[in-house]
Ligand SMILES: NC(=O)c1ccc[n+]([C@@H]2O[C@H](COP(=O)([O-])OP(=O)(O)OC[C@H]3O[C@@H](n4cnc5c(N)ncnc54)[C@H](OP(=O)(O)O)[C@@H]3O)[C@@H](O)[C@H]2O)c1
């Protein structure tokens, strides 16, 4: 289908990303389910087959080589990208403070959560530019908000999301035709959020999917939670 909209969701073999793929597939998108682990990615895409058009795409957002290969593979299968959801993320330092986080954990976290989305946007920008109303949704966290300071939890993760919000405003400036926003999904019951989290994956995915579909195209360069702009 030539006019079918396309989306790429990174880190989508489980959790919030998997649910975003499901919801976009239900809305008739052709969705590329991005995963770094090919087996997990293929199995996840298979599970969503009955929901619509879901295609597995191997992409490790911490590797430039993998990102480049994914963009090339994508371009073989689709002439344009309408929606990029930078969802892949890691949380490695819940038990650390700003004084005890190791350089290795800090660097790995920034590479995946901050540099990754930036490099994925660079690699897919030529395909996004072919869309009439391109959108990038960066899945951030209120942990990265600076407004009320920090409470000391997961310093590397929180800094990576603060910096991701910086990436969002820079991409919004660099891609004026594209709606580029950060979103906080809330505290969601996933491997990362844990079983005590207050939101289901459906609730966590809702505003991401809204930004990817129905949100006004002139809403850009913002931080959004529950469909409302929140402070950085
Ligand atoms: N859950 C929450 O309460 C919450 C709150 C605020 C923000 N968020 C954000 O929401 C996003 C999704 O989180 P989640 O709760 O769904 O976590 P999750 O269940 O742990 O899923 C994270 C996903 O990211 C993937 N991933 C990690 N590193 C990757 C890499 N280098 N390349 C590609 N994929 C990679 C994981 O793949 P593997 O399976 O291979 O590890 C997994 O598919 C994250 O950006 C997170 O920071 C979550």
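Kindly provide the set of residues from the range 73-91 that are in a helix (DSSP H, G or I) and farther than 19 Å from residue 136 by Cα, ordered by number.
73, 76, 77 - these are the residues of the range 73-91 that are in a helix (DSSP H, G or I) and farther than 19 Å from residue 136 by Cα.
Checking the range 201-216 against the condition returns no match, with no residue being more than 16 Å from the ligand (Cβ to nearest atom), in contact (Cβ under 8 Å) with a residue 40 or more places away in the chain, in a strand (DSSP E or B) and out of contact with any helix residue (DSSP H, G or I) (no Cβ under 6 Å at 6 or more places or on another chain).
Any residue that is surrounded by fewer than 23 Cβ atoms within 10 Å (Cβ to Cβ), within 17 Å of residue 231 (Cβ to Cβ) and within 13 Å of the ligand (Cβ to nearest atom) - is there at least one of those in the range 190-197?
The answer is no, given that none of the residues of the range 190-197 is surrounded by fewer than 23 Cβ atoms within 10 Å (Cβ to Cβ), within 17 Å of residue 231 (Cβ to Cβ) and within 13 Å of the ligand (Cβ to nearest atom).
Right, residue 75: at pLDDT 95 or above and away from the ligand (no atom under 13 Å from the Cβ) or not?
Values: at pLDDT 95 or above: yes; away from the ligand (no atom under 13 Å from the Cβ): yes.
The answer is yes for residue 75.
The residue of the range 132-152 that is surrounded by the most Cβ atoms within 10 Å (Cβ to Cβ), among those that are out of contact with any helix residue (DSSP H, G or I) (no Cβ under 7 Å at 6 or more places or on another chain) and free of Cβ contacts under 8 Å to residues at least 60 places away in the same chain, is 152. Pairs are defined by a Cβ separation below 6 Å, a sequence spacing of at least 6 or placement on different chains, a first member in the range 2-21 that is touching a residue at least 12 places away in the same chain (Cβ under 8 Å) and farther than 19 Å from residue 184 by Cβ, and a second member that is near the ligand (Cβ under 9 Å from one of its atoms) and in a helix (DSSP H, G or I); the pairs so defined are 13/40; 13/41; 13/44. Considering the conditions (1) in contact with a strand residue (DSSP E or B) (Cβ under 7 Å, 6 or more places away or on another chain); (2) away from the ligand (no atom under 14 Å from the Cβ); (3) part of a loop (DSSP other than H, G, I, E, B), residue 101 is excluded by exactly one of them, (1).
All of (1) crowded, with 20+ Cβ neighbours inside 10 Å; (2) touching a strand residue (DSSP E or B) at 6+ places or on another chain (Cβ under 9 Å) hold for residue 160 with one exception: (2).
The values are calculated or read from the model by the stated rules, or taken from the named source; none is laboratory data. None of the values given here were measured: they were computed from a predicted structure. Positions of Cβ are generated from backbone atoms using ideal geometry, with glycine treated the same way; all protein chains shown enter the neighbour counts.
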